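Below is one structure, written out as structure tokens; comments come after it.
The values are calculated or read from the model by the stated rules, or taken from the named source; none is laboratory data. Please read these numbers as outputs of a predicted model, since none were measured by experiment. Cβ atoms come from the backbone with ideal geometry, glycine included; neighbour counts cover every protein chain shown.
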Amino acid sequence: MNAKSATEKVQDCNSRPMFLQFIRHARAAALVLCAALLLPAGAFALGFRVPNQDAEAIARGNAFAATADNPSAIYYNPAGITQLQGESVQFGVHALSINSFFDSSAGRGSSESKFNVAPVPQLFITCSPTNMPFSFGVGLYAPYGLSVDWPVGSPFRSDQVFYGRLSYITLNPVAAWKINDQLSLAVGPTINYAQVVLRRGVGPNPFGISEYDFRGDDFAFGFTAGILWHPVEKWSFGASYHSPTTMNFGGHSAVSGGFSGSSPSSAEAPFAQFILGGVSFRPTTNWNFEADVDWTDWHSLKTVHFISPGFTGTPLSDVPFPFNWKSSVLLEFGGTRYLDKGYFASAGFFFSENSTTSPDFTPIVPDTDLYVGSVGFGHKGKVWDWTLAAQIITGPPREVNSVNNPTANGSYQWINGSLDFSVRYHF
């Protein structure tokens, strides 16, 4: 007989009953995750990028592009999914505390942004058919995010953006080809949706307007690609690319104060391309060390104009928001010790270079150089895997002296942390 064994049926993506059940569970999980992803993520450096997308990778300082051996490879390096057998569903949460501190250099007092914990969930699904050199996957994650709220009484609240929320969701199907035992390639489209809310104070003006509020959303499309090369047993090299996207936010703006009203509004904003690359060294089967470089091309983000035809004749018909950011890097290092009975422990560190420039610094993107340490612990079993990780995020105070935004001048500091969890079911 040519019938497959039960094990082969479980591993084969074309086994219809198992595959349909897999799809039903994945679809339900995706719907729940979509709702969760509409919560704002937290930005702490690299502008408003969120580089943390998996607890196992986070525990290693996000040095994972050349290892990429769980379903989160869809984000870190999609070529890595060719290392996975059968079908897998992985869910994770990156829970980041957000708190910023400001001390005015002009003697206008100090302030502290409202403390909150922003959960950033992820969902990754992979499938590697038996006896085929191809693997397939889909990821649902938040590569960008922002959530900052400066309270009443902040020195710059009267003429700066004091509240910002960005929720950015990416649906990323991928296909990977294992060319041979040493080399794999992958590519896939990204379908992206974003919502943005900004509130700012409006300085003295003849209309008596005191506050401006913009809300908008949009879809955009892009792609990702990856390569994984494992030339010898102890060394592997990996890289991935995420294309830029442009969101043409459409929505409305409202003003309040002596003059109140609303208007249809729009704003076109580019989101940066970024590249991850790394090298993994495994001196024995019990150890894995990796070093990565993660580069974000923010130089395309110049000035975003918020256009509101209904406010023609007022200063708010065209509100410029200058960014003029610079490209920046993450330098990531990490290691994992594999223990008995499937357990493992990891530690890592990364340096995050700031992306914002002092002349156009805005308190709504409190960006600085940061030093991030992480640890984690987990277990890999026959059916279930899990990982717990934690980060400590801090850096030296940033002194801002801006000609364009003088009320924002002063010292900014951040001391934050995260707790991270992921669980994987594979069959």
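How many of the residues in the stretch 159-182 are in contact (Cβ under 8 Å) with a residue 40 or more places away in the chain, aliphatic (A, V, I, L, M) and crowded, with 16+ Cβ neighbours inside 10 Å?
Residues in the stretch 159-182 being in contact (Cβ under 8 Å) with a residue 40 or more places away in the chain, aliphatic (A, V, I, L, M) and crowded, with 16+ Cβ neighbours inside 10 Å: 5 in total.
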Is it the case that the stretch 107-117 has a residue that's surrounded by fewer than 24 Cβ atoms within 10 Å (Cβ to Cβ) and acidic (Asp, Glu)?
yes
Grab the strands (runs of 3 or more DSSP E) fully contained in the stretch 355-427, keeping just those with 2 or more residues being of a type in the set (Val, Ile, Thr).
370-380, 384-394, 410-426
Over the stretch 284-325, the set of residues buried (at least 16 other Cβ atoms within 10 Å of the Cβ), within 28 Å of the chain's Cα centre (by Cα) and not in a strand (DSSP E or B) is Asp297, Trp298, Leu301, Phe323, Trp325
Taking only the stretch 289-328 into account, find how many residues are modelled with pLDDT under 95, over 20 Å from Asp213 (Cβ atoms) and hydrophobic (A, V, I, L, M, F, W, C).
3
Taking the stated definitions as given, is Ser104 among the polar types (S, T, N, Q), over 28 Å from Met247 (Cβ atoms) and at pLDDT 85 or above?
no
Test result for Asn354, under 27 Å from Trp150 (Cβ atoms), over 20 Å from the mean Cα position of the chain (by Cα) and either of a type in the set (S, T, N, Q) or buried (at least 23 other Cβ atoms within 10 Å of the Cβ) (or both):
no
The stretch 130-191: strands (runs of 3 or more DSSP E) wholly inside it with 1 or more residues that are at pLDDT 95 or above are 134-141, 161-178
Search the stretch 85-104 for residues that are under 24 Å from Pro121 (Cα atoms) and pair each with any residue that is surrounded by 18 or more Cβ atoms within 10 Å (Cβ to Cβ) and among the acidic types (Asp, Glu) when their beta-carbon atoms are under 6 Å apart and the residues are at least 6 apart or on different chains.
Gly92/Asp54; His94/Asp420
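Which count do you get for residues in the stretch 107-129 that are among the hydroxyl-bearing types (Ser, Thr, Tyr) and either modelled with pLDDT of 90 or more or in contact with a helix residue (DSSP H, G or I) (Cβ under 6 Å, 6 or more places away or on another chain) (or both)?
So the count comes out to 2.
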On the given criteria, is Tyr241 within 29 Å of Ala142 (Cβ to Cβ), aromatic (Phe, Trp, Tyr) and at pLDDT below 95?
no
Ser374 of a type in the set (S, T, N, Q), in contact with a strand residue (DSSP E or B) (Cβ under 7 Å, 6 or more places away or on another chain) and either surrounded by fewer than 23 Cβ atoms within 10 Å (Cβ to Cβ) or under 23 Å from Lys114 (Cβ atoms) (or both):
no
Within the stretch 382-427, of all residues that are at pLDDT 95 or above and among the hydroxyl-bearing types (Ser, Thr, Tyr), the one surrounded by the most Cβ atoms within 10 Å (Cβ to Cβ) is Ser422
How many residues does the stretch 201-237 contain that are touching an Asp or Glu at 6+ places or on another chain (Cβ under 7 Å) and crowded, with 16+ Cβ neighbours inside 10 Å?
2
